Amino acid sequence: MSLLSGNPQASVGQPGQSATPSKGLYLESYGCQMNLADSEIILGSLAAHGYEPVETAAQADVVLLNTCAIREHAEQRVAQRVRQLIAERRDGRRMRIGLAGCMAQHHREKLLDEIPGLDFVVGPDGYRRLGQLLEAGEAVADVRLDQHETYADIAPRRGEGVRAWLTIMRGCNRLCTFCVVPFVRGRERSLPPEVLIEDLENIVAQGYKEVVMLGQTVNAYSYGDVDFAQLLERAAEVDGIERIRYTSPHPADMSERTIETLARTPKVSPYVHLPLQSGSDRMLSAMERGHDVDQYRRLLAKLRDAVPAIAVSTDIIVGYPGETDEDFEATSAFMEEMNFDHAFLFKYSAREGTRAFKLEETLSEDEKGARLQRLIAEQEARAARINQELLGSVTEVLVESKAKKQEGWLAGKNPQFKTVVFDPRTAAIGELVKVRIEAAGSHTLRGRQV
Ligand code: SAH
Ligand code: F3S
């Protein structure tokens, strides 16, 4: 579960049932889970200004795309989408159209010139002021970063489902050379533990079964003397929460205490997304990731030792400037050695403002593409092989939806965050059920409720 970008992940929030006349807000979220969680904050914040979510842009008074800046492709897609929405805006219905989030912060006011018809631009720290901003008549930008903004007092308006997002920290202090996140989301800051535990109690009261704690370096969480390990412990004490997940931890921030806590807290699911980026020490050092290959190897061994059932996924970048054949082969070999259950694989994309932006790229798009394709093929085979070993075993599934393809089947995730599609006996959405695995591919397990 990487903080992955690309597709619009969802339009969040449920259409309102309020009797008072409201203004319609149509919101699309792109990019990572953090953006989904931010969209829920936007909905919460705008509810106070009389905005209720609507299901189509055509019904809306305000159309908002919550955007991603992590790779150029993510931005190009949003630019296309917003131009399309502007073109479709009907005469006489002067809805306001705006961009929120990381791409908005990355390009700021410039977007208002580049995209004619765009009404407003708001960065990740501007959502508190969005209600006022929407009242402005002219095109406006609010792209002030605020290292104290955590939205701790704004109740997010969560969507339907079994899984709730809980942002526990915002921003990032790491400054990996390739990454735009610290520039568009600012410095690291954590939310007070009391606020988080109270929100978790609300999450349970609202019927969610699973919580995903979010942060760019989620395990760097620190507030007063409460660290990530303690926060996990406190969260596990909240009655009624079935599963606790978190993403994404940084390898260099994974403390002994956190590992011990993972080992003795069964409510924390046995799954870790541990971004690696490269299996070459030379590249890790150029990227300033803060650890080398051997430290990662030892960390994963410790995690697997502490939590034997743990599944592991990672992020990899191919084609960082200067990546040689040898560096690439080292990544391929190390991925095999680490036996990742899943990997999010990306071609390097130069981002303005980052330190790596100044470096000359040494591979063509085609060469990067070829490297990417090879890692994808290797990872697919690896995942299929790992999943095949699960045939005949019984796993616990938190049922989250109907299956997309098989009529009458249900789908959900197991503790290792693998998708399980199954033939139910008594199961209903929201329940935890046991499923025997009868077929396994690289992405999905199939089975029957036992
Ligand atoms: N701290 C976050 C990182 C967010 S970015 C996390 O751990 O999830 C998510 C992933 O996008 C990164 O791990 C990296 O693999 C990838 N990424 C970031 N910047 C990139 C760039 N400039 N080009 C290609 N991939 C990038
Ligand atoms: Fe980006 Fe590195 Fe932070 S990948 S989000 S700068 S940990």
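Please work out which residue is surrounded by the fewest Cβ atoms within 10 Å (Cβ to Cβ), limiting yourself to the stretch 435-450 and to residues that are of a type in the set (A, V, I, L, M) and closer than 17 Å to E400 by Cα.
Here the answer is L445.
Restricting to the stretch 411-426, what's the tally of residues that are closer than 28 Å to S248 by Cα and in contact with a Lys or Arg (Cβ under 9 Å, 6 or more places away or on another chain)?
Adding up the residues that qualify gives 7.
Considering A235, A286, A220, which residue is more than 21 Å from A343 (Cβ to Cβ) and either within 16 Å of ligand 2 (Cβ to nearest atom) or of a type in the set (F, W, Y) (or both)? Let's see the steps before the verdict.
Working: A235 fails: either within 16 Å of ligand 2 (Cβ to nearest atom) or of a type in the set (F, W, Y) (or both); A286 fails: more than 21 Å from A343 (Cβ to Cβ).
Sole residue among the options that is more than 21 Å from A343 (Cβ to Cβ) and either within 16 Å of ligand 2 (Cβ to nearest atom) or of a type in the set (F, W, Y) (or both): A220.
Can you tell me how many residues within the stretch 387-434 are buried (at least 19 other Cβ atoms within 10 Å of the Cβ) and in a helix (DSSP H, G or I)?
1
In the set I197, I168, which member is of a type in the set (V, I, T) and crowded, with 18+ Cβ neighbours inside 10 Å?
Matching residue, one of I197, I168: I168.
Against the definition (touching a residue at least 40 places away in the same chain (Cβ under 8 Å) and away from ligand 1 (no atom under 16 Å from the Cβ)), how does R234 come out, yes or no?
Spelling it out, R234 is indeed touching a residue at least 40 places away in the same chain (Cβ under 8 Å) and away from ligand 1 (no atom under 16 Å from the Cβ).
Could you pull out every one of the helices (runs of 4 or more DSSP H) wholly within the stretch 42-131 that has 3 or more residues that are surrounded by 15 or more Cβ atoms within 10 Å (Cβ to Cβ)? First the steps, then the outcome.
Values: elements: 72-88, 102-107, 110-114.
Answer list for the stretch 42-131: 72-88, 102-107.
Failed condition for C102, given (1) within 27 Å of I316 (Cα to Cα); (2) modelled with pLDDT under 95; (3) not acidic (D, E), with all others met?
(2)
Report the residue count in the stretch 315-354 for those that are more than 8 Å from ligand 1 (Cβ to nearest atom) and among the polar types (S, T, N, Q).
Of the residues in that region, 4 qualify.
Please specify each residue of the stretch 171-188 satisfying the condition of being more than 9 Å from ligand 2 (Cβ to nearest atom) and either aliphatic (A, V, I, L, M) or in contact with a Cys (Cβ under 6 Å, 6 or more places away or on another chain) (or both).
V184
Which is farther than 25 Å from R351 by Cα and either away from ligand 1 (no atom under 16 Å from the Cβ) or touching a Leu at 6+ places or on another chain (Cβ under 9 Å) (or both), of R108, R144, R128?
Values: R108 fails: farther than 25 Å from R351 by Cα; R144 fails: farther than 25 Å from R351 by Cα.
Of the residues listed, the single one that is farther than 25 Å from R351 by Cα and either away from ligand 1 (no atom under 16 Å from the Cβ) or touching a Leu at 6+ places or on another chain (Cβ under 9 Å) (or both) is R128.
Looking only at the stretch 332-358, how many residues end up being away from ligand 2 (no atom under 16 Å from the Cβ) and touching a residue at least 12 places away in the same chain (Cβ under 8 Å)?
We begin by selecting, within the stretch 332-358, every residue away from ligand 2 (no atom under 16 Å from the Cβ); these are 332-342, 358.
Adding the requirement that they be touching a residue at least 12 places away in the same chain (Cβ under 8 Å) leaves 332-342.
Number satisfying all stated conditions: 11.
Output the residues belonging to the stretch 166-207 that are within 18 Å of the chain's Cα centre (by Cα), closer than 30 Å to V399 by Cβ and not aliphatic (A, V, I, L, M).
Listed by number, the list holds a single entry, T167.
From V204, V226, V212, grab the single residue that is at pLDDT 95 or above, more than 16 Å from ligand 2 (Cβ to nearest atom) and crowded, with 21+ Cβ neighbours inside 10 Å.
It is V212.
The values are calculated or read from the model by the stated rules, or taken from the named source; none is laboratory data. None of these values were measured; they are calculated from a predicted model. A quick note on method: Cβ atoms are made from the backbone with ideal geometry, for glycine too, and the neighbour counts reach across all protein chains shown.
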